[in-house]
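Remarks on the structure that follows.
The values are calculated or read from the model by the stated rules, or taken from the named source; none is laboratory data. Just so it is clear, the model here is predicted, and its values are computed rather than measured. Cβ sites come from the backbone with ideal geometry, for glycine too, and all protein chains shown count toward neighbours.
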Amino acid sequence: MELPQIDWENPPLDPPEQVAQPLMWRLAARLLHDHVTAAGSWPLARCRVCELVWPCPARRYAERGLLAACRHPVAGRGAAAFTDWFLAADEPPGGGW
Ligand SMILES: [Zn+2]
């Protein structure tokens, strides 16, 4: 998997050219840009939208979604293992991408 050379702290809403799953990118990028730290939430940073401790679950899903969007979809058992990882908080199956 080749990752686009972008600012990952501020990813573009439109997917870079080499993104394999553009819709997933768009959804994840919107989510990521929405779930940012609320102004004045110091010393415990909280999310502007859901008010949970930051990074909130939505933010973390968004970060994973951006990475997953760069990966070509797979079929079969590999797809099931990837889905399990994506929905859990573990490391990717098979030791990497
Ligand atoms: Zn949030």
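Please specify each residue of the stretch 9-35 satisfying the condition of being at pLDDT 95 or above and over 28 Å from residue 74 (Cβ atoms). Within the stretch 9-35, 34 is the sole residue that qualifies. Scanning the stretch 13-28 for residues that are closer than 13 Å to residue 67 by Cα, part of a loop (DSSP other than H, G, I, E, B) and either in contact with a helix residue (DSSP H, G or I) (Cβ under 7 Å, 6 or more places away or on another chain) or among the small types (Gly, Ala, Ser) (or both) returns 15, 19, 20, 21. For the stretch 33-52, residues that are within 21 Å of residue 8 (Cα to Cα) and touching a strand residue (DSSP E or B) at 6+ places or on another chain (Cβ under 8 Å) total 8. Every test in (1) away from the ligand (no atom under 14 Å from the Cβ); (2) surrounded by 15 or more Cβ atoms within 10 Å (Cβ to Cβ); (3) not small (Gly, Ala, Ser) is passed by residue 72 save one, and that test is (2).
When the stretch 53-62 is filtered for residues that are within 14 Å of residue 8 (Cα to Cα) and at pLDDT below 95, nothing remains. Looking only at the stretch 36-60, residues that are buried (at least 18 other Cβ atoms within 10 Å of the Cβ) and either under 22 Å from residue 3 (Cα atoms) or touching a residue at least 40 places away in the same chain (Cβ under 8 Å) (or both) come to 1 in all.
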